[in-house]
Structures are given as C-alpha cells and as structure tokens.
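Report on one structure; see the data block that follows.
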Amino acid sequence: MTETLSVGEPGTGTHAAASDGPAASDPAARPAAAPAEQPGTSTRRVLIIMPAWNEAESIGGVIAEIEDALPFVDVLVVDDGSTDGTAAVAHQAGAVALKLPYNLGVGGAMRLGYKYARDNDYDVAIQVDADGQHDPGYVPKLIDALSQSALVIGARFAGEGDYQVRGPRRWAMTMLSWVLSKLAHTRLTDTTSGFRACNRELISLFAEWYPVEYLGDTVETLVRTLRLGYRVNQIPVAMRRRQSGTPSQSPLKAMLYLGRAFLTLFLALVRR
Amino acid sequence: MNLTILTGATALLFLGFIFELVRRRRLREKYAVLWIFVGVIVLGLGLYPRALNRVAIAVGVANGVSLVLFFGVMFLLLVCLHLSWEASRLEDETRVLAEEVALLRLRMDEQSERTEERSAS
Ligand SMILES: Nc1nc2c(ncn2[C@@H]2O[C@H](COP(=O)(O)OP(=O)(O)OP(=O)(O)O)[C@@H](O)[C@H]2O)c(=O)[nH]1
Ligand SMILES: [Mg+2]
C-alpha cells in the first residue's frame with residue numbers, strides 16, 4: 001500500500017517539486033497565502049474532514065453543530081470501516097460520507113480526505129475529530145490564522161481549557177513540542193493535536209503523501225511541512241469531553257507511546 | 001579474530017542497509033524494528049563471541065553454536081509465520097476490494113440502463 005506514496009525521491013514528484021520551488025529559496029520571507037486568497041472566511045471554500053471510526057453515536061450531533069455554527073463550510077466524513085453505520089448517520093446529518101471498505105487508520109482516512117479536497121478544489125481543509133472533542137467555534141480563528149501560515153494547529157495546553165496529560169505520555173509530548181518548536185521557529189505546545197487547518201498547497205501535498213503510521217499523521221507531517229519551508233503556527237483551543245465512547249488513553253500504553261514518539265520523530269528527521 | 005571482524009562488518013552493513021531502506025520509505029517501521037533487533041544481536045555476538053558461550057552455559061546448552069542454531073531456526077520460523085499472517089490479511093483485503101468493485105459495477109450498470117430508458121421514452 002505504501003509503494004504508491006514512496007515512488008521516486010520526494011523532490012522529483014510533481015507535487016513536491018511545485019511546492020518546493022518558492023519555499024526552499026527563502027522560507028521566512030515567503031508569503032503564506034497566494035494572492036487569490038483574501039483573508040476572511042467568506043471568499044474561500046472550506047472543507048472540514050472528519051476521520052471517523054465507529055462514532056455513530058456522536059457524529060450526528062457534531063455535524064449538526066458545525067452546520068449550525070459554520071454554515072459556510074462543507075463537511076466530509078471518512079468512515080473507516082465502521083461497523084455501527086457511522087456513514088449512514090453522517091449522510092443523514094447532511095455531510096458527504098466516504099465509506100472505506102476496511103480500516104486504514106487515521107492517516108489513510110485523512111489522505112483520502114485531502115484527495116477529495118484537492119479534486120473538489122477546496123482552499124482550506126480542516127481536520128476535526130468526530131467524537132465532539134473539538135469545538136467548531138474555533139474554526140474561524142484557525143482559518144484566519146492561515147493568512148500567516150500554511151498550517152495551523154488548534155493546540156491544547158496553550159492557556160485555554162483544562163486538558164491534562166500525565167506520565168510518559170506527557171514527557172513524549174514535551175519532547176515533541178520542544179524539537180518541533182525549534183524547527184518551526186515558533187512555540188508549538190501540542191504537536192499531536194488532530195485539530196488542524198491547512199491551505200491549498202498543503203492539501204495537494206497531503207493528497208499524495210500522508211503517513212499511515214501511528215503518530216506519523218501528526219508528527220511526521222509537521223516535520224515534512226516545516227522542512228519544505230512552510231510556516232506552521234498554533235492557536236490555543238479548549239478541548240471538550242468525549243460525547244460518547246471510551247477514551248483511548250491507558251497508563252500501560254503510555255510508555256510504548258513515548259518510545260514510538262522518539263522513533264517517529266527520529267525517522268521523520270533523518271528522512272528526506 | 002577474523003571471524004569477529006567478519007560478523008561485525010556483516011552486521012554493520014546489514015544495519016546500515018535496513019536504516020537506508022527505512023529512510024527511503026521502502027520498509028515500514030514495524031518490519032524494520034524486527035530486523036534492526038536481529039542486526040544488533042549479530043553485532044553483539046560478533047564483537048563479544050565469548051558472551052555466547054556464557055549464555056549457553058547459563059541456559060544449560062552444550063555450546064554456543066547449538067544455541068545460535070536453535071534461536072536462528074526459531075526466529076526464521078516466526079518470521080515466516082508472521083509473513084503468512086500478513087499475506088492472509090492482504091488476501092482478505094483484496095477479496096473485499098473485489099466484492100466492492102462488483103457491487104459498484106452493478107450499480108453503475110443499473111444507473112446507465114435507467115438513464116437510457118429515460119432518454120428512450
Ligand atoms: N479513520 C479513522 N479514524 C479513526 C480511527 N481511530 C480513531 N479515529 C477517529 O479519530 C478521531 C480521534 O480519535 P480518538 O479515539 O478520540 O483519539 P483522541 O482524541 O486522540 O483520544 P481520546 O482522548 O481518547 O479522545 C475520532 O474522530 C475518531 O473517530 C481509525 O482507525 N480510522
Ligand atoms: Mg478524541
């Protein structure tokens with residue numbers, strides 16, 4: 001499955017080459033937004049991409065809330081082989097639902113989402129969790145921040161909200177934040193957040209290349225984006241409690257998480 | 001002494017090769033971890049051959065060579081098992097894909113028939 005995205009060296013692909021050009025020469029001085037993209041939310045086509053796996057209970061409410069608060073955005077749900085009819089519920093709620101025949105993981109689902117965004121000519125793509133933990137009220141702020149950078153992270157631990165993580169998981173997050181902040185020349189406090197917005201250029205990059213490994217979808221995409229010379233920034237967001245289901249954190253997995261965080265970051269840094 | 005250099009160099013080359021494969025995204029991390037583990041063990045044995053005999057004595061096996069043979073065969077068996085498991089998973093997935101394509105084809109045929117009927121009447 002990974003062969004298609006690893007063909008050739010990254011620099012020789014048409015997409016990488018197209019985005020490499022202006023970015024590589026002078027990252028700092030490079031304007032983040034193309035001239036056609038005016039700041040302000042009304043002129044741009046915005047797509048919210050929701051990776052969802054067995055979220056039938058919560059997804060209807062989440063979509064309804066988004067359509068209520070943000071009438072100008074379209075919603076795409078990528079149902080990743082759910083067994084509880086997530087896609088049907090999403091369709092009922094008025095979203096476009098893509099149904100994958102079997103589970104590809106968040107990274108695989110997001111790549112499909114970005115392909116849809118590219119083929120349907122969207123200017124902005126925003127990843128939002130289907131479990132209702134991401135407050136759509138922050139979406140306009142994310143879109144506004146895209147006038148300064150190519151990718152904007154909705155970050156927990158940045159002042160707003162009371163989201164807490166402890167133990168090895170916290171050490172891993174601190175280490176990732178420190179290294180990626182250095183790379184980005186700006187403070188990034190939450191590099192594993194799945195609440196993020198990106199512009200047109202990154203949509204076409206992610207449509208071709210998006211890591212499928214666990215943690216790769218968040219950490220490795222950031223490293224690659226920064227190395228290509230794009231600007232990454234964050235805005236503080238408050239996280240909400242899950243509306244249904246069980247949280248995926250367990251103390252036993254925390255140590256493993258730390259190891260994988262190191263491995264992912266190391267590989268992302270040595271890879272081209 | 002010569003054997004030490006030979007095993008050590010082989011292990012280093014092997015590790016470098018794995019690393020390069022991962023770096024070029026030709027090998028997924030989950031497989032790389034396994035092979036890096038093997039490379040590190042071979043490297044350790046190459047540099048400290050005496051450690052092998054000590055382990056053999058501790059476990060109660062006659063000598064280090066039998067121990068290496070045993071673990072080598074066990075390891076290869078496990079790798080083969082793992083690959084068969086992955087192949088089964090891939091087979092299941094392609095089967096599901098084929099089913100989906102058949103269903104999609106039917107739906108497309110039905111749809112085009114319907115539009116033909118509509119344009120004919
Ligand atoms: N496409 C896809 N989406 C997934 C998969 N696993 C989880 N998701 C979705 O990814 C989003 C985040 O998943 P969560 O399990 O809430 O992960 P989290 O928010 O990091 O952790 P929690 O603290 O447990 O909420 C949700 O929208 C899930 O439906 C998967 O295998 N495939
Ligand atoms: Mg969640």
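Every read-out reported here was derived from the displayed coordinates using simple, explicitly stated rules and does not represent laboratory data. None of the values given here were measured: they were computed from a predicted structure. Methodologically, a virtual Cβ is constructed for each residue, glycine included, from the backbone with ideal geometry; neighbour enumeration extends over all protein chains shown.
The B:V61 and B:S88 beta-carbon pair, evaluated with R₀ = 41 Å, returns a calculated FRET efficiency of approximately 0.75. 3J(HN,Hα) along the range A:254-270: 4, 5, 4, 4, 4, x, 5, 4, 4, 4, 4, 5, 4, 5, 4, 6, 8 Hz, from the Karplus curve 6.51 cos²θ - 1.76 cosθ + 1.60 with θ = phi - 60°, whole Hz, x for Gly and Pro. Binning all Cα-Cα separations of the range A:119-159 at 10 Å, short to long from zero, yields these whole-percent fractions: 23, 55, 21, 2. Residue by residue along A:67-75, Cβ atoms of other protein chains within 10 Å of the local Cβ number 0 on average. Ignoring lysines fewer than eight residues from A:K253 along the same chain, the ones with Cα atoms less than 30 angstrom from its Cα are A:K99, A:K182, B:K30. Helix B:64-120 and the long axis of chain B differ in direction by around 10°, with both axes built from C-alpha atoms. Averaged over the residues of A:109-120, the number of partner chain Cβ atoms lying within 10 Å of the residue Cβ comes to 0. The mean number of partner chain beta-carbon atoms within 10 angstrom of a residue's beta-carbon across peptide B:18-25 is 3.
Go ahead and run the numbers for FRET between B:I41 and A:T83, Cβ-Cβ distance against an R0 of 51 Å, rounding to 0.05. Efficiency for this residue pair is about 0.80. Applied to the range A:121-132, the Karplus parametrisation 6.51 cos²θ - 1.76 cosθ + 1.60 on θ = phi - 60° returns per-residue 3J(HN,Hα) values of 6, 8, 8, 9, 10, 10, 8, 9, 5, 8, 8, x Hz, with x for Gly and Pro. With the highest mean first, a sort of the peptides A:129-139, B:110-120 on other beta-carbon atoms found within 10 angstrom per residue produces A:129-139, B:110-120. Label-to-label distance for A:D121 and B:L76 is 6.0 nm, based on points extended 7 Å past Cα in the beta-carbon direction.
A protection proxy built from the mean count of other Cβ atoms within 10 Å ranks the segments B:100-107, A:145-152, most packed first, as A:145-152, B:100-107.
Note on B:E116/B:Y31: beta-carbon distance plugged into 1/(1 + (r/R0)^6) with R0 of 30 Å gives a FRET efficiency of 0.05. With each label modelled as a point 7 angstrom along the Cα→C-beta vector, the A:L183-B:I5 pair spans 4.1 nm.
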